[in-house]
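What follows is a set of notes on a single structure, which appears directly below.
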Amino acid sequence: MPLANLHVKDLFQRFAQERQEALRAGEASGDLSAAASLEPLLAWFGKEEERSLLRRVLLDSYFPLGMVERTIFGNADGMRFFINKRRPELERHLGEELVRTARAFVRVRMDIEQFFDPGTITCIPIDGRRHPLPTDQWCILCGICCEIGGVRPEPPAGTCYPEHWYVYLAGGAVENQQLCPFLFQYFGGARFFCAIHSVKPVACRQFDEEACRTRVKEGGVHRGRPEGRVYRRSQQVVRG
Ligand code: SF4
């Protein structure tokens, strides 16, 4: 099938897989700007402003491609519903969600630079270098606990968030949030980290090993399942 006829879900998945492989292999972030899979994806978007935003964000080594692939573009599978994201009528909505997610990511990146210390705000310095992730903890950084529709935006004592973070944390950065906008990915690997770990909300701090075990056991709505059946809209998980 010609690339121009592909669904945006397929265009995104082609790019995300290629990009994550390149990052894992250690390619420099700019090398992929000419990759065969990026341009067809960007061409799907009608506005130059959107293409330019996405070019910048999708090539950022911390953008959570793997989680976006799994949530926004992944089929949703609940107890009594299944949503096939390849449905033609969902295509426009998926594109909009990707743009909104990209905007939130850029804003969070800038906020961290402007209001906090990127060297200490999370478990590794956010400086584009491959600092080793922590291993001496129960959390394996799978990111599943951050597949949520929102969290009570209460900062830890002594911390003040930028005003819009209260909206972002509560799930207002996108229309039907399925992934916290503060979750970053580690260079295309299957490791995701909270970009604001040192100042994350109280509810996130209270999420402990036992809660993690329960969450992983329960699974989420984004699991693989044969496509074909379609029921109703995705459910949101809200923490706090
Ligand atoms: S604030 Fe951090 S820990 Fe809390 S849901 Fe978002 S990414 Fe996860």
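Pick from segment 178-198 the residues that are in contact with a Cys (Cβ under 9 Å, 6 or more places away or on another chain) and more than 9 Å from the ligand (Cβ to nearest atom): which of them is farthest from residue 153 (Cα to Cα)?
190
Quick one: residue 175 ticks every box in (1) over 18 Å from the mean Cα position of the chain (by Cα); (2) more than 11 Å from the ligand (Cβ to nearest atom) except a single one, so which number is it?
(1)
Only one of (1) within 16 Å of residue 65 (Cα to Cα); (2) more than 10 Å from the ligand (Cβ to nearest atom); (3) out of contact with any Asp or Glu (no Cβ under 8 Å at 6 or more places or on another chain) fails for residue 206. Which number is that?
(1)
Which of the residues that make up segment 126-148 are within 15 Å of the ligand (Cβ to nearest atom) and of a type in the set (D, E, K, R)?
Correct list: 147 only.
For segment 106-128, what are the residues that are surrounded by 19 or more Cβ atoms within 10 Å (Cβ to Cβ) and hydroxyl-bearing (Ser, Thr, Tyr)?
Listed by number, the list holds a single entry, 122.
Would you kindly identify the helices (runs of 4 or more DSSP H) lying entirely within segment 1-99 that contain at least 3 residues that are in contact (Cβ under 8 Å) with a residue 40 or more places away in the chain and over 22 Å from residue 144 (Cα atoms)?
8-24, 48-58
Throughout, read-outs are computed from the coordinates displayed, never taken from laboratory work. Everything numeric in this text was worked out from a predicted model, so none of it was measured. Don't worry about glycine lacking a Cβ; one is built from the backbone with ideal geometry, like all the others, and counts go over all protein chains shown.
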